[in-house]
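Taking it in order: structure first as structure tokens, then the write-up.
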Amino acid sequence: MLDGKRCLIVGGGIGGLTAAVALARNGQRVTVIERDPRWSIYGVGIIQQANVVRAMAQLGLADAYLEAGVPFDQVTIHAPGGALIARVPSPRLAEGYPPNVGMSRRRLHDVLLDRAIALGVEIRMGTTVAALTQDDDGVDIEFDDGTDDRFDFVVGADGIYSNLRARLFPEAPQPCFAGQSVWRYNLPRPDDLDSLRVFNGPTGIGLVPMSADTMYMFVTTPEPGNPHYPRKGLAAAMRGKLQSAAPDIQALGERIVDDVEVVYRPLEHLFVDGPWHVGRVVLIGDAVHATTPHLGQGAGLAIEDAVVLAEEVARHAVPEAAFAAYRERRVERCRFVCELSLSICRGQIGEGDPIDNSDATAAMFARTAEPI
Ligand SMILES: Cc1cc2nc3c(=O)[nH]c(=O)nc-3n(C[C@H](O)[C@H](O)[C@H](O)COP(=O)(O)OP(=O)(O)OC[C@H]3O[C@@H](n4cnc5c(N)ncnc54)[C@H](O)[C@@H]3O)c2cc1C
């Protein structure tokens, strides 16, 4: 059993901080390095579904986590004009807790960071790995601030553009533009918004409760050629994408007025089919499986990765065996979500058969309800 080992986590995003909590709870001595000196987390929200609530309960984080967001029971699917097509109930996977949660990304980050600090995790900001060499007993790291250190194992949680992935697997696929972009904006929450509300169409729209009085709207649009939108005029551009939306969505859209508050992002995807570790260095989260957000599961998968990794590290005597067992438990579930999510995107942009959103959401709930 690996216990009391020194572990370096590269990347203090959702996956990295969850791994820090999960590993530290199991008695590992954890350091997190984060390249961004200020932790600039954008202010819109995030959908967290039943499997994430279950993972948070497993980590003893569910109460703090639920306090930071708002619960909702189901996903409702609507025609582009607004008519209700289906209610997709979400499974309840953690006893005493709601099925789903919507929250601000900043608040999720704070919940994870506060717990990591409380568990004694060392956090180093504004630094990254300059050089990495490993032998049979450990990993030597040179940091880009000129310091160096030695660890028993290293976890790469450095996101879709992972430097560690490039070091370990230079032949691995690169992030690929999916043909769509997403526009997000925080708005006051309508009184009757008690579910995640999804509107079908070539332009997909969603309303996500985020707190008692706020929500965010996301709008996925086909963007052939991946055009650049300048910051100035972004709010008007987002409003323009709502021209064929239901009247109440257009009315909400009238409040999209601040260019700075629009979060625009081209959608990319990536899946590493081969191994996820080399020796004592392993990758989690978007570094190995970045899904498009159509099923709201990317962070959920990163969080589950962290829980499973910590369990396997606690179970095995050597990191390599733990890492192989971790990938074995994760790879097909992650592939399922990534492929289903991408097929929704392809259907929406006419590059594949249209996918029924309610069937896809129900299939995602069924698969992610399985034990991790
Ligand atoms: C538009 C959009 C909407 C989404 N909505 C949802 C949703 O509703 N629900 C959901 O579950 N998921 C959602 N996701 C997916 C989710 O955001 C990601 O899957 C999740 O953030 C992945 O976590 P991660 O820790 O692997 O990577 P990241 O969150 O990208 O974190 C990586 C961290 O590593 C740091 N870093 C990068 N390189 C280095 C380096 N070399 N050295 C040190 N630090 C480094 C970064 O600064 C960052 O802090 C969405 C994604 C997109 C694009």
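Points to keep in mind about this one:
- Here segment 218-352 is assigned +1 on the Cβ of each Lys and Arg and -1 on the Cβ of each Asp and Glu. Its dipole about the Cα centre then comes out at about 120 debye.
- For segment 110-126, backbone phi angles converted through the Karplus equation (6.51, -1.76, 1.60; θ = phi - 60°) give residue-by-residue couplings of 5, 4, 5, 5, 4, 5, 4, 5, 4, 8, x, 5, 7, 10, 10, 9, x Hz, Gly and Pro being listed as x.
- Among the GluC sites (Glu not before Pro) within segment 228-290, those in coil by DSSP and having at most 16 neighbouring Cβ atoms inside 10 Å are Glu254.
- Relative contact order for the chain: 22 percent, from Cα pairs under 8 Å spaced at least 6 residues apart, divided by residue count.
- Backbone phi angles across segment 174-185, fed through the Karplus curve with coefficients 6.51, -1.76 and 1.60 (θ = phi - 60°), yield HN-Hα couplings of 9, x, 10, 5, 8, x, 10, 10, 10, 10, 10, 7 Hz in residue order; Gly and Pro are listed as x.
- Translational diffusion of the chain, µm² s⁻¹ [Kirkwood Rh, Cα pairs; Stokes-Einstein; 25 °C; 0.890 mPa s]: 116 µm²/s
- Spatial extent of segment 288-365: Rg and Dmax, with the Cα atoms as the point set, Å: 15.1, 50
- Antiparallel beta bridges, as assigned by DSSP with both residues in the chain, represent about 70 percent of the total such bridges.
- Computed over segment 138-201, Kirkwood Rh from alpha-carbon pairs, angstrom: 17.0 Å
- Fluctuation leader among Val257, Val52, Val155 - the chain, Gaussian network, Cα springs under 10 angstrom: Val257
- Here the chain is assigned +1 on the Cβ of each Lys and Arg and -1 on the Cβ of each Asp and Glu. Its dipole about the Cα centre then comes out at about 560 debye.
- For segment 194-210, putting each phi into the Karplus relation 6.51 cos²θ - 1.76 cosθ + 1.60 with θ = phi - 60° gives couplings of 10, 8, 7, 9, 10, 10, 5, x, x, 9, x, 10, x, 10, 10, x, 10 Hz, in residue order, rounded to whole numbers and with x for Gly and Pro.
- Amide proton proximity set for Glu268, modelled H, under 5 Å, gap of 5+: Ala178
- Comparing mean-square fluctuations of Ala212, Ala20, Ala287 from a GNM of the chain with C-alpha springs under 10 Å, the top value falls on Ala212.
No lab work stands behind these numbers, since they all come straight from the coordinates. Since the model is a prediction, treat every value here as computed from it, not as a measurement. For neighbour counting, all protein chains shown are included, and Cβ atoms are generated from backbone atoms with ideal geometry for every residue, glycine included.
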